[in-house]
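Notes follow once the structure below has been shown.
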């Protein structure tokens, strides 16, 4: 098995054929609160992103991988590395399983496990982190099950439109690295 695949999913680089899918995902206002997006993305901007997506993570300081089912090659979401810091061997992680019907199927868990193996085994990272809204119990459970530890709480950090919500900081270290 390839390091970028697991039992039912594989992670792959975005391709030009993903433009329509990314356009739908990036402009879904239901997930903007989680992603921190405030404005829609144009097809032109997303095409420019896809044109540069093949560049090395060391150049771009970020990496998006498409989560694809191995059985039928259907994309179900994306997993991102951002704030990549090669000097300090760390990066942030974000994950999206787009369709509600694809959630709670284990795809996010497998994608995260696969990404962690890639980050620690290939990119030689020492740590990964993520920020999760305190009310997002599904994401909290996902990252805790993957060995991420809650290391902090930013009080009233996220404005929800109805008030403020805390944001939790999770971190996963690989032990024994110098």
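For every residue, the table says whether it meets (1) modelled with pLDDT under 90; (2) surrounded by 14 or more Cβ atoms within 10 Å (Cβ to Cβ); (3) over 24 Å from residue 2 (Cα atoms).
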| residue | (1), (2), (3) |
| --- | --- |
| 26 | yes, yes, yes |
| 29 | yes, no, yes |
| 36 | yes, no, yes |
| 41 | yes, yes, yes |
| 49 | yes, yes, yes |
| 54 | yes, no, no |
| 73 | no, no, no |
| 84 | no, yes, no |
Please go through region 121-168 and pick out each residue that is more than 21 Å from residue 31 (Cβ to Cβ) and part of a loop (DSSP other than H, G, I, E, B).
122, 123, 124, 125, 126, 147
Residue tally, condition farther than 18 Å from residue 89 by Cα and in contact (Cβ under 8 Å) with a residue 12 or more places away in the chain, over region 162-178:
4
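The values are calculated or read from the model by the stated rules, or taken from the named source; none is laboratory data. All of these numbers come straight from a predicted model, not from anything done at the bench. Reconstructed Cβ throughout: ideal geometry from the backbone, glycine too, with neighbour counts over all protein chains shown.
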